[in-house]
1. With a 10 Å Cβ neighbour count serving as the proxy for reagent exposure, in which order, fewest first, do V69, V133, V45 appear?
2. For the range 1-85, what value does the Rg/Rh ratio take when both radii are computed over Cα atoms and Rh is the Kirkwood radius, given to two decimals?
3. Could you give the angle, 0 to 90 degrees to the nearest 10, between helix 59-80's Cα long axis and the longest principal axis of the Cα atoms of the chain?
4. Give the angle, between 0 and 90 degrees and rounded to the nearest 10, that separates the Cα long axis of helix 126-140 from the longest principal axis of the Cα atoms of the chain.
5. What's the extension gain from N13 to K131 if we count 0.36 nm per residue and subtract their Cα-Cα distance?
6. Just checking the chain: which Cys have no other cysteine's beta-carbon under 4.7 Å?
7. Per 10 Å bin, what percent of the C-alpha pairs of the range 35-107 does each bin hold, from zero upward?
8. Taking the square root of 5 times each eigenvalue of the Cα gyration tensor, what semi-axes in Å does the equivalent ellipsoid of the range 8-140 have, largest first?
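What follows draws every value from the coordinates through simple rules; no lab data is involved. Computed from a prediction, not measured in an experiment: that's the story for all the values here. For neighbour counting, all protein chains shown are included, and Cβ atoms are generated from backbone atoms with ideal geometry for every residue, glycine included.
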Amino acid sequence: MSINNDCLYCNKNQTQQDLMIEICKLNVSTVFLFKEQTYRGRCIVAYKDHATELYELEAADLLAYMEDVNKVARVLKELFAPVKINYGAYSDKLPHLHIHLAPKYIDGPDFGSTFAMNPMSTYLSDEEYTKLVVAIKDKLK
């Protein structure tokens, strides 16, 4: 396993804990609930090892990673009934392969355009986070 000590996904530092909550591990990734919940149900699926680009993965790992992303997207659709799920894999400033899944709703923020990376406007109580994490985790099993 490749690790980058400066990477919040590799070293699981305080910045990571401030931004997201680990839900569970899947086949080749870890699923996180993004704490900023402007897009209800927003999650991140981070690849298990330190890679920065999809093309760096061997074919089997690429397929397994995209299957993990797809599995999370299906769960978000089932739980939150968004009209569309936006996928974001930018990594300009955080070079670790991860995909944001941002459920979008017709009357919701930014419908019809790109989701905001971190609007810093919608945070939940610990109880609400726990309910979301449990609901998503139960469906991913």
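1. Result, fewest neighbours first: V133, V69, V45.
2. 0.98
3. In the chain, helix 59-80 runs at an angle near 10 degrees to the longest axis.
4. Value to nearest ten degrees: 60.
5. On the way: separation 118, 0.36 × 118 = 42.48 nm, distance 2.37 nm.
Additional length available on full extension: 40.1 nm.
6. Flagged as lacking a Cys partner: C24, C43.
7. Cα pair-distance distribution for the range 35-107, in percent: 20, 48, 27, 5, 0.
8. 22, 16, 15
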